Amino acid sequence: MNWNGSKLLDEFLPSVVAQTKEEDYAVYVIDNGSTDDSLSVLRTRFPQVKIIALDKNYGFPGGYNRGLEKIEAEYYVLLNNDVQVTQGWLKPLLYLMDSDKTVAACQPKILSYRNRDEFEYAGAAGGFIDTYGFPFCRGRFFNVFEKDEGQYNFSDEIFWATGACMMVRARVYQRFGGLDEDFFAHMEEIDLCWRMKNAGYKIMYQGNSAVYHLGGGTLGRMNPLKTYLNFRNNLYLLYKNLPEGKVFRILFARYMLDMIAATKFLFGLEFGNYWAVIRAHFSFWSTFGHFRKKRREIISQTVVKSHYEIYEGLIVYDFFIKRKKQFHQLRPK
């Protein structure tokens, strides 16, 4: 996926092309309505790459959905334009997917492009979520990054795989309608993984494959738009996927927690982020009826209501109050 990333294509696409020369692999760039010289760079420097040029920016989910429906394959690999792949990175992922047809998606180890011995923000060694919907990663808690010392060189089941580099079974992706375009950006891959897990599929981490991710190329971490999307989309995520009996209790708890976060932004003079949280809640409740229809469809497909990868606690409390900085300190269920 690319949007106005011609410089990133120059830097990162060569590694992808070099590692996918086998005839069973094809490299596509879905261009999400770029207004820079991305298409020119692709046509002149990477003639072997197939281009799917969209007429405008449909967001992360909309761009992928429109692009992937034009591709016939057994597996898709969703890959950001700021990812450098490594020698032989695809084979462990393919082996994992081929060995178990109930695996809907998997991700490799995500390391930092800048600090190459550390795990990266988006995905690290697999994604998880806590009872109240806060996502976190093994190998990275908030701004604490573990060094990669081989401690996660294994494969196991996780709750969500990162959209920065995710291999997904094509027929399952299409069966579930792909990524939810109402999210536009952020957490749409968590939503897709949760829907697939509710239907009985597995999401896996493959630690014998690794890529390097630059990260932060579109929105900065303290950008009010990113704050708005994260808080709003997290509410979408919870309402769509939580089982009956939990949804409104968790949503009320999230309202209280989010108001604490908004107050912290206010007293920190981060007025843009304060209003982003308030706007997120207004936006969610104003579209409640629209998401009720989606929730009903998900509930009708649900066969698994409880997931052991959901941490039975509050990751924010454990991190900031109990000072738990690494995954093994949580002792998740």
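Stokes-Einstein diffusion for the range 224-302 at 25 °C, viscosity 0.890 mPa s, with a Kirkwood radius from C-alpha pairs, works out to 187 µm²/s. Each label was represented as a point 7 Å from its Cα along the Cα-to-Cβ direction; for E118 and F271 these points are 3.3 nm apart. Ordering Q84, G133, C106 by the projection of their Cα atoms onto the charge dipole of the range 72-213, which places +1 on the Cβ of Lys and Arg and -1 on the Cβ of Asp and Glu, puts C106 at the extreme positive end. DSSP bridge analysis restricted to the range 72-213 gives an antiparallel fraction near 70%, rounded to the nearest 5.
The listed peptides 272-283, 98-109, 244-255, ordered by packing as a protection proxy, come out as 98-109, 272-283, 244-255 (highest mean of other Cβ atoms within 10 Å first).
Given (i) 1.16; (ii) 0.99; (iii) 0.94, which label gives Rg/Rh (Cα atoms, Kirkwood Rh) as computed from the coordinates? Correct label is (iii).
Highest mobility in the GNM of the chain, judged by mean-square fluctuation with C-alpha springs under 10 Å and restricted to Y228, Y236, Y317, is found for Y317. Note that the range 191-199 has calculated 3J(HN,Hα) couplings of 4, 4, 4, 5, 4, 5, 5, 4, 7 Hz, one per residue in order, obtained from phi through the Karplus relation 6.51 cos²θ - 1.76 cosθ + 1.60 (θ = phi - 60°); glycine and proline are x. Hey, which of these cross-link pairs are over 22 Å Cα-Cα: K246/K324; K109/K202; K202/K325; K240/K324? Cα-Cα > 22 Å for K246/K324; K202/K325; K240/K324; rest within.
Using 0.36 nm per residue, how much length does the chain from F288 to L225 gain when fully extended, once their Cα-Cα distance is taken away?
Numbers: separation 63, 0.36 × 63 = 22.68 nm, distance 2.08 nm.
So the extension gain works out to 20.6 nm.
If you line up the long axis of helix 271-286 against the longest principal axis of the chain, both from Cα atoms, how many degrees apart are they, to the nearest 10? Once rounded, the angle reads 90 degrees.
How long is the gain from E244 to D37 if the chain were fully straight, where each residue apart is worth 0.36 nm and the alpha carbon distance is subtracted? Please list the in-between numbers first.
Numbers: separation 207, 0.36 × 207 = 74.52 nm, distance 4.88 nm.
Stretched out fully, the E244 to D37 stretch lengthens by 69.6 nm.
Full extension of the chain between Q301 and A253 yields a length gain of 14.7 nm, computed as 0.36 nm times the residue separation minus the alpha carbon distance.
No lab work stands behind these numbers, since they all come straight from the coordinates. What you see is a predicted model, and the numbers here were worked out from it, not measured in a lab. Heads up, the Cβs are rebuilt from the backbone with ideal geometry, glycines too, and the neighbour counts pull from every protein chain shown.
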